[in-house]
Amino acid sequence: MAKQGVRTILALGAGSVALGLIAGGPGSSIGVAWAQQSTAECVPLKAQYPDLGTSQSISARREFTTVWGSYELPGGPCGYRSAEAHYNSLLEDAMSRGGPTEHSITSLPDWSGHWGTENSTGELAIVGLNSSPEGMAARLTPDAREQFLFDKRMWDEDHAIDPISFCLPPNFPRWFTEYGYREHFLTPDKSLLGSEMVNEFRRIFTDGRTHPSEEWMTNEWLGYSIGFWDDDVLTVWTRGIKEGILQRNMPRQTNQMETIERWRKINPVEAGVDIQANTLGAAYIPEERIEIEVTMYDPTFVEPWHTVIAYYKEDDRTPEQKEIVWPHQWDCVEGSQWFITDEGVVSQYAPGEKPDITNPDFWFDEDYLHQ
Amino acid sequence: MKMTTKLTSLAALIIALPAFAHHSGAMFDDQVTLELAGTVTHFDYVNPHSWLYVNIETEDGEVVEWGFELDAPPRLRRVGISPNFWREGDRVMVRTRPLKDGRPAGFLVGAVSDQGKTFGNANGLSVDE
């Protein structure tokens, strides 16, 4: 039985970041015992449900050809036992090759520009074919399955309320599946990964820190992310996420969800992938794509849920494109025009029904303030 | 200028499914499509959804301002809809799926304007002279 907690890495290769600790996120249940589950102990979902589908993007309703990211569940047929085990396996692998990589500001990958999702204009699905009700239900433990089927009925009968309709932010990993431009700001000790919707930026700490202790840990919409670089691959471990839903019409997630991501920029054209021009530049074929493997661990999942996401670089090479390709401020309260009726359904204000809260005269209306 | 209001059966129209990215479309009546003519009062190009406001003159001469919901700017810009696509005073004919409860608002399915601007499914729409 491996010891629980942390262990110090004594030998670091040249060019390695002084990442002193491995494993042992506070509250860790398995410490460094990150061996994958024995295949004798599990029956992979793919074996139970051959039609479940695995090669579907988190960011598009259709399949797309990945260049680097794999749809195969990491860690063997049933995956790793935990996000911690998964992360430590990747970290140990990097260390075995002299990593993690200690980047300078100039050696970091170039992820500049504005990025869009593969299909850009469509409603985004988190797992494509896997997002069929049957496929999603198969991934859940019995209680969670019952809850999901109840929630699904509420969606079908228009009695479900999407939290983002009332300006709560998309939680993580739903953050991946919302539209709008993406931005990435990389520094040696921290990466900011931004989504236009609700101006949401994730902070990925790559300075060797662990997650906060239980004393200081919180549950927030995007969680708390730590990571490391392995050459041009950014690995991220996220904990402390609020409970929520994966996406509209999709299962709930608990506040125990943890995720592992691996981000890398590739060139799909060089790789021979047949790419259609995107909707912004008529003849523009994006030669820069970031592929992200995402593995979600939640107590309500019967096995880790794994998929691949892709963003491509938008065409802003011309002055005309620069007029369009920039993220707008997402002032949700100003543009939000919805309320919940007595019947429990979401409805929309008609003109004049909602106070104009953007009008300074409203802020200083004595009759209103003193009523 | 004679303003017109026309009720059209959904079955008579081929309407692209709107993308309700930020909220469900349950509030709108998917069995009714209205075609309404009027004058733009303002166009709010804001997140999470944009809004076109139009003064509609009813058959008894009353003017009622309607609000029509569109997609968010991140999607509108991809189909060439700028913040000044509609301006105050533009005359428009809009096609909308109205609220179920009859209040003057709906989802904007399509529109044409006297400035030659066309949005969404505007098949058959025209601006009265």
What about A:R248, is it open to solvent by 10 Å² or more (accessible area, probe 1.4 Å) and charged (D, E, K, R)? yes
Could you tell me which residue of the range A:199-213 is most open to solvent (accessible area, probe 1.4 Å), considering only residues that are more than 12 Å from A:P169 (Cβ to Cβ) and within 17 Å of the chain's Cα centre (by Cα)? A:R203
Note: among A:N255, A:N249, just one is out of contact with any Cys (no Cβ under 6 Å at 6 or more places or on another chain), part of a loop (DSSP other than H, G, I, E, B) and within 14 Å of chain B (Cβ to nearest Cβ), namely A:N249
Can you name the residue in the range B:56-108 that is within 20 Å of B:T33 (Cβ to Cβ) and polar (S, T, N, Q) and is also surrounded by the most Cβ atoms within 10 Å (Cβ to Cβ) among such residues? B:T96
Looking at B:V64, B:V40 in this structure, which one is in a strand (DSSP E or B), within 9 Å of chain A (Cβ to nearest Cβ) and in contact (Cβ under 8 Å) with a residue 40 or more places away in the chain? B:V64
What are the residue pairs meeting all of these: first residue in the range A:321-335, first residue facing chain B (nearest Cβ under 7 Å), second residue surrounded by fewer than 17 Cβ atoms within 10 Å (Cβ to Cβ) and of a type in the set (V, I, T), Cβ atoms under 7 Å, and 6 or more apart or on different chains? A:E334/A:T358
Of (1) more than 14 Å from every other protein chain (Cβ to nearest Cβ); (2) within 22 Å of A:W305 (Cα to Cα); (3) open to solvent by less than 30 Å² (accessible area, probe 1.4 Å), A:H184 satisfies every one except (2)
Pairs, please: C-beta under 9 Å, at least 6 apart or cross-chain, first residue under 19 Å from A:N255 (Cβ atoms) and in a strand (DSSP E or B) and in the range A:198-225, second open to solvent by 40 Å² or more (accessible area, probe 1.4 Å) and β-branched (V, I, T)? A:Y224/A:T218
Checking A:K354 against (1) buried (at least 20 other Cβ atoms within 10 Å of the Cβ); (2) closer than 24 Å to A:I164 by Cβ; (3) in contact with a strand residue (DSSP E or B) (Cβ under 9 Å, 6 or more places away or on another chain): exactly one of these is not met. Which one? (1)
Hits in the range B:67-109 - residues which are among the aliphatic types (A, V, I, L, M), facing chain A (nearest Cβ under 10 Å) and part of a strand (DSSP E or B): B:L99, B:A105
Given (1) in contact with a strand residue (DSSP E or B) (Cβ under 9 Å, 6 or more places away or on another chain); (2) open to solvent by 10 Å² or more (accessible area, probe 1.4 Å); (3) basic (K, R); (4) modelled with pLDDT under 95, identify the lone condition not met by A:R264. (4)
Within the range A:214-224, is there a residue that is open to solvent by less than 20 Å² (accessible area, probe 1.4 Å), polar (S, T, N, Q) and on the phi < 0 side of the Ramachandran plot? no
Condition (residue is more than 14 Å from chain B (Cβ to nearest Cβ), under 30 Å from A:W326 (Cα atoms) and surrounded by 21 or more Cβ atoms within 10 Å (Cβ to Cβ)) applied to the range A:154-166: is it met by at least one residue? no
Conditions (1) open to solvent by less than 30 Å² (accessible area, probe 1.4 Å); (2) closer than 30 Å to A:K265 by Cβ; (3) not aromatic (F, W, Y): number failed by A:P327: (1)
Within the range B:43-61, which residues are in a strand (DSSP E or B) and either modelled with pLDDT of 95 or more or under 27 Å from A:I164 (Cβ atoms) (or both)? B:F43, B:D44, B:W51, B:L52, B:Y53, B:V54, B:N55, B:I56
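Assess whether B:V112 counts as being surrounded by fewer than 23 Cβ atoms within 10 Å (Cβ to Cβ), part of a strand (DSSP E or B), at the interface with chain A (Cβ under 9 Å from one of its Cβ atoms) and of a type in the set (V, I, T). Full working, then the answer.
Values: surrounded by fewer than 23 Cβ atoms within 10 Å (Cβ to Cβ): yes; part of a strand (DSSP E or B): yes; at the interface with chain A (Cβ under 9 Å from one of its Cβ atoms): no; of a type in the set (V, I, T): yes.
No.
The values are calculated or read from the model by the stated rules, or taken from the named source; none is laboratory data. Just so we're clear, the structure is a prediction, and the values are computed from it rather than from any experiment. Quick reminder, even Gly has a Cβ in these numbers, built from the backbone with ideal geometry, and neighbours come from all protein chains shown. Please note that ligands, DNA and RNA were not included when accessible areas were found on the heavy atoms of the full protein model with its side chains. Shrake-Rupley method; radii C 1.70, N 1.55, O 1.52, S 1.80 Å.
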